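> Here you go, one structure.
The values are calculated or read from the model by the stated rules, or taken from the named source; none is laboratory data. Bear in mind that the values here come from a model prediction, so they are computed numbers and not experimental data. We place every Cβ from the backbone using ideal geometry, glycine too, and count neighbours over all the protein chains shown. Accessible surface areas use protein heavy atoms only, side chains included; no ligands, DNA or RNA. Shrake-Rupley method; radii C 1.70, N 1.55, O 1.52, S 1.80 Å.
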Amino acid sequence: MMDDAWFRRQVGRHTNSWRDRPREFARRTGRDAAIALGAVAALGVVLAIGLLVSLFGWLRGSWGSLWLIFGLSLLAAAWPLMRALRLRAAEPDGVVVGPQQAKEVHALVEKTRSALDAAPIDELRFDASLEVKLVMQPRLGVLGWPRHVLVIGLPLMMALGTEPLAALVAHALVPLRRQSDWREAMREPAAWVERQRRTWAALAAVWTPSRLLPWWQDAVLAPFMNRFLPRFNARAVVLGREEAATADRLVLAQCGAPALATALMGPAVQQRFLDEVFWPQRWASARESHLPNVLPLRELRALIGASLRHPQATGWLHDSLQALPPKGDLRAALRDRLALTGDAARLSKRASEGRSAADALLGRQLDGWIDLLDAHWQRAAAAEWADVHRTHREREKLLTELAESHASRPLALDDHLLWIRTASQVQGPASAVPIAREAVTRHPKSPGARYLLACTLLDARGLLPSRHLLPDLPPDANEALGLLRELSDDDAKESKGGGAVDSNDLSWALPAARRLERALIQREGIEALRAVRLRIAELERDTDKAMEVLTDFSGQQILGPAKMGGRTLRPLLERLKREPAIGRAWLLAKTDTRARGWVLHLLVIERSTSLDQPGPRHDWAELLALLDAPVSCHVIDLSHPDWTGPRRMDLVQQFQSTAGGRIYASRGG
């Protein structure tokens with residue numbers, strides 16, 4: 001079965017092969033891609049010749065009806081190939097920048113491209129991101145022939161100087177080097193393989209298998225996407241990692257260490273500012289208005305440069321240096337990339353010094369581009385903005401209902417925890433503190449209540465001052481840190497005889513330890529921070545072991561309904577009702593004797609009969625990000641290839657027959 005575990009095993013095996021014989025490995029990977037392209041092209045040539053022959057025979061008049069039948073049969077056989085050639089990647093975000101617009105930016109891109117001897121760019125775009133990316137848009141589906149679209153984030157141009165921006169542009173263009181010389185590509189195919197990987201990945205992201213005669217219409221795409229592409233990707237990812245390292249080395253040689261260090265360090269910190277400060281504040285306006293009423297880039301112009309002086313900038317920088325690359329990012333960790341530049345941490349604040357690339361390259365045009373992108377962002381965000389507004393109104397009603405219900409009769413634990421979360425979301429963390437205190441008083445051993453009390457206390461206070469500025473914290477902050485230590489530290493539980501916290505529920509330990517780490521970073525408590533990070537590493541190992549057991553669906557399964565009240569499930573149910581792709585849904589709790597103290601919640605989804613839904617290869621990551629689930633859920637899509645067929649039939653029936661497990665059924669289900 002080609003799941004994530006299979007893919008990781010294949011990548012590990014191919015990594016060893018690449019280390020032993022890198023050139024031979026690259027050539028074989030390129031040969032596999034070339035054979036796949038050749039097979040599709042050969043099929044097209046054979047069908048075209050057959051159609052011409054049948055047309056010629058039909059026109060001659062001899063055996064005309066047979067030639068006509070033969071030609072129609074070839075046309076039917078050609079349709080799956082046409083689907084494969086007509087498949088198009090999604091349009092990149094942003095607005096197109098024509099050759100006569102932003103001439104200085106075009107000149108910078110052309111100068112960088114010439115220095116790398118890379119292929120030309122077909123289109124330049126500006127968007128509202130904090131990155132530079134190269135997007136492949138194939139003209140001929142799986143056969144490729146891509147258009148090269150370079151997307152530059154206008155906030156990035158406002159955050160960096162011209163030289164660091166040029167370094168990021170160069171890094172994005174590295175995969176296009178050596179394209180013009182086919183003999184060089186045959187000798188060193190790694191860059192060509194990386195372009196093919198990106199091209200096919202863009203197609204795989206949008207491919208939706210046909211629901212009408214899929215065995216026929218997907219006769220070309222299904223084997224390519226389900227059989228060939230995973231195997232090719234397992235090899236191409238290995239070369240892609242080396243290509244990313246090569247890109248860093250080329251950019252270092254072309255642009256210099258200071259520019260590269262600033263280009264890496266500045267956006268790493270500024271992205272955290274956007275994610276944790278800037279965008280949450282802007283989206284908070286959706287509570288009052290159902291239409292986007294903010295101009296984010298206009299506001300960001302004055303704020304992005306100062307973000308490196310934010311009180312949390314040091315902590316964000318440290319987190320970025322410790323973090324691993326996100327899933328799907330083939331680049332090395334930030335700390336390893338910065339090792340190429342020497343003492344990079346000292347250079348981090350240079351991103352905010354001097355004139356920005358936006359001012360230098362766009363000049364008076366900058367205001368016009370900001371207005372254009374703000375309008376583009378408002379149109380793109382309108383649907384999500386309205387959804388956030390509707391969700392806030394629903395939470396306001398739920399908050400009123402919970403308060404009135406508690407006044408007449410104390411809430412159950414799950415509903416009380418929901419009350420804390422809803423009050424914090426609607427009225428702010430300070431208003432949720434007394435609700436959380438009451439929950440701890442009524443349920444003193446509940447780790448969920450203690451964790452939420454600690455979080456609301458810290459959120460209500462805001463940033464904790466450094467211990468050098470304020471050696472002794474206020475009582476409420478000390479109380480919050482004490483609660484987090486009890487939840488995350490085994491010794492604290494044992495010292496209290498196991499009576500302080502329910503030791504049977506281990507799921508809160510890791511979140512508590514990570515929240516404690518954030519607080520200690522703000523306090524600059526080096527010794528305490530070191531101990532907490534050791535504990536986090538231990539908890540992560542324990543969590544990984546438990547999840548490895550609980551996500552093993554072979555053998556006998558211990559399943560039960562997730563015992564939650566209707567109010568607790570209401571936000572999740574509201575989201576399910578708005579998703580046309582879902583016919584029925586079950587929320588189950590899975591346990592295992594090998595992972596005592598752990599529970600894995602499964603959100604099992606069965607497709608509706610609606611055509612307005614993603615294909616069965618869709619892993620529901622986007623939907624899961626939107627779901628307001630009361631607990632962390634592992635989503636299982638029963639139409640995904642991993643869950644179809646007789647091998648999974650008994651387990652699927654167990655999901656569907658678990659008493660009390662079904663939480664939703666639509667009319668189309």
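> When you scan segment 206-225, how many residues do you find that are in contact with a Pro (Cβ under 9 Å, 6 or more places away or on another chain), among the hydrophobic types (A, V, I, L, M, F, W, C) and closer than 15 Å to residue 40 by Cβ?
Qualifying residue count, segment 206-225: 5.
> For segment 652-669, give me each residue that is touching a helix residue (DSSP H, G or I) at 6+ places or on another chain (Cβ under 8 Å) and either modelled with pLDDT under 90 or open to solvent by less than 40 Å² (accessible area, probe 1.4 Å) (or both).
Of everything in segment 652-669, those that are touching a helix residue (DSSP H, G or I) at 6+ places or on another chain (Cβ under 8 Å) and either modelled with pLDDT under 90 or open to solvent by less than 40 Å² (accessible area, probe 1.4 Å) (or both) turn out to be 652, 661, 663, 664, 666.
> Same structure again: Quick one: in segment 218-244, which of the residues that are over 14 Å from residue 193 (Cβ atoms) and either in contact with a Phe, Trp or Tyr (Cβ under 7 Å, 6 or more places away or on another chain) or hydroxyl-bearing (Ser, Thr, Tyr) (or both) is surrounded by the most Cβ atoms within 10 Å (Cβ to Cβ)?
Ranking the qualifying residues of segment 218-244, first place goes to 221.
> Just for segment 204-216: of the residues that are over 13 Å from residue 141 (Cα atoms) and in a loop (DSSP other than H, G, I, E, B), which one is modelled with the lowest pLDDT?
Top of the filtered list is 211.
> Right, another one. Going through segment 283-301 one residue at a time, which ones are surrounded by 14 or more Cβ atoms within 10 Å (Cβ to Cβ) and either farther than 23 Å from residue 390 by Cβ or aliphatic (A, V, I, L, M) (or both)? Give the steps one after another, and end with the answer.
Step one: filter segment 283-301 for residues surrounded by 14 or more Cβ atoms within 10 Å (Cβ to Cβ), giving 283, 285-287, 290, 292, 294-297, 299-301.
Those that are surrounded by 14 or more Cβ atoms within 10 Å (Cβ to Cβ) and either farther than 23 Å from residue 390 by Cβ or aliphatic (A, V, I, L, M) (or both): 286, 294, 295, 297, 299, 300, 301.
> I'd like the residue in segment 302-324 that is open to solvent by 50 Å² or more (accessible area, probe 1.4 Å) and not in a helix (DSSP H, G or I) and, out of all such residues, is nearest to residue 359 (Cα to Cα).
So the residue we want is 311.
> Looking only at segment 111-163, count every residue that is over 19 Å from residue 363 (Cβ atoms) and of a type outside the set (D, E, K, R) and tell me the total.
So the count comes out to 28.
> Tell me the residue from 11, 40, 46 that is open to solvent by less than 30 Å² (accessible area, probe 1.4 Å) and at pLDDT below 90, please.
Sole residue among the options that is open to solvent by less than 30 Å² (accessible area, probe 1.4 Å) and at pLDDT below 90: 11.
> If you scan segment 178-203, which residues turn out to be of a type in the set (Gly, Ala, Ser) and either at pLDDT below 90 or on the phi > 0 side of the Ramachandran plot (or both)?
Taking segment 178-203 first, the residues of a type in the set (Gly, Ala, Ser) are 180, 185, 190-191, 201-202.
Matches in segment 178-203: 180, 185, 190, 191.
> Kindly establish whether residue 560 is at pLDDT 90 or above and either open to solvent by less than 10 Å² (accessible area, probe 1.4 Å) or more than 30 Å from residue 315 (Cα to Cα) (or both).
Working: at pLDDT 90 or above: yes; either open to solvent by less than 10 Å² (accessible area, probe 1.4 Å) or more than 30 Å from residue 315 (Cα to Cα) (or both): yes.
Yes.
> Ok, one more. Quick check: anything in segment 101-113 part of a helix (DSSP H, G or I), among the hydroxyl-bearing types (Ser, Thr, Tyr), surrounded by fewer than 14 Cβ atoms within 10 Å (Cβ to Cβ) and more than 29 Å from the chain's Cα centre (by Cα)?
no
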